[in-house]
Amino acid sequence: MDAALARQLTTGLDSLSVTATTAQQKMLLDYLALLKKWNAAYNLTAIRDPAAMVTRHLLDSLAVAPWLTGERCIDVGTGAGLPGIPLAILFPQREFDLLDSNGKKTRFLFQAKTALGLDNVTVHHARVESFSPDCCYDVVLSRAFASLSDMLAGTRHLLCPGGVLLAMKGARPDDELVSIERHCAVRHIRPLSVPGLDEQRHLVELALLPSIDNLQR
């Protein structure tokens, strides 16, 4: 484990007030090492520098950890497993399903799940609109997956009654909120501060309204 990256991760987690054991921090960096290795052939992420990966992948993903609820979570459009894998490492008692339509990315996810021993992770290679899970989810999570209206239309069938949609956004998406206000309740819009990242981040928490069935696809 690279000592400089380990220090960067530890300092960043402290800034986020996120608690991770030494073993979990090692797993997070092991995940980055896998991502860097596979990235050479599979082009999983445009970020190549390991220090930037700690900031933009690990810390950015884990910034939402204090607001994550429920036992079953699905990460829609997970790509290389972000934020799902870092969160699954942090919360081994919760179930995380990772959904993506890109075969190269889901092959990497299967490898990462196996190599890291993540028994609480299930990988699905499918398009979200055609994905039919056996059980609904307490949380539907996305990171830069789509607009809020597209996320709402594409994922509403995955959510349990009383569940929440968590959308990780950059700038506060006020224009997008206007387009969905008739179909869902905005519970929270939380500004997030990611250590080492001088960019806006927001977490939007949405709850479906009964009228959601009237949403036009």
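Every number in this text was worked out from the coordinates using simple rules, so none of it is lab data. Values in this document were obtained by computation on a predicted structure and should not be read as measured data. So basically every Cβ, Gly included, is an ideal-geometry build from the backbone, and we count neighbours across all protein chains shown.
Numbers at a glance
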{"item": "Tyr137 long-range amide H proximity, modeled H, under 5 Å", "result": "Leu159, Cys160"}
{"item": "Summed side-chain charge close to Phe110 - residues other than Phe110 whose Cβ falls under 12 Å, Lys, Arg +1, Asp, Glu -1", "result": "+3"}
{"item": "Nonlocal amide H pairs with Arg187, under 5 Å, H built at 1.01 Å", "result": "Glu205, Leu206, Ala207"}
{"item": "Low-density loop cleavage sites - trypsin sites (Lys or Arg not before Pro) in the range 116-206, where at most 12 other Cβ are within 10 Å (DSSP)", "result": "Arg127, Arg182"}
{"item": "Size of electric dipole in the range 3-214: Cβ of Lys, Arg +1 and of Asp, Glu -1, about Cα centre, debye, nearest 20", "result": "620 debye"}
{"item": "Trypsin sites (Lys or Arg not before Pro) restricted to DSSP loop in the range 1-102 with at most 11 other C-beta within 10 Å", "result": "Arg48"}
{"item": "Those GluC sites (Glu not before Pro) in the range 143-217 that DSSP places in a loop and that have at most 14 other beta carbons within 10 Å", "result": "Glu181, Glu199"}
{"item": "Mean ellipticity per residue at 222 nm, deg cm²/dmol - from DSSP H runs of n ≥ 4 across the chain, formula -39500 (n - 2.57)", "result": "-10500 deg cm²/dmol"}
{"item": "Residues Val18 and Asp150, FRET efficiency given R0 of 22 Å [Cβ-Cβ distance, rounded to 0.05]", "result": "0.15"}
{"item": "Inter-site label distance for Asn102 and Arg182 at 7 Å from Cα along Cβ, in nm", "result": "3.5 nm"}
{"item": "Environment charge of Val178, counting only residues whose C-beta is closer than 15 Å and scoring Lys/Arg +1, Asp/Glu -1", "result": "-2"}
{"item": "Cα-based shape type of the range 114-177, given that a ≥ b ≥ c are square roots of the gyration tensor eigenvalues and the cut on a/c is 1.5", "result": "prolate"}
{"item": "Extreme residue, positive dipole direction of the range 1-150, given options Thr78, Leu118, Thr45 (C-beta unit charges)", "result": "Thr45"}
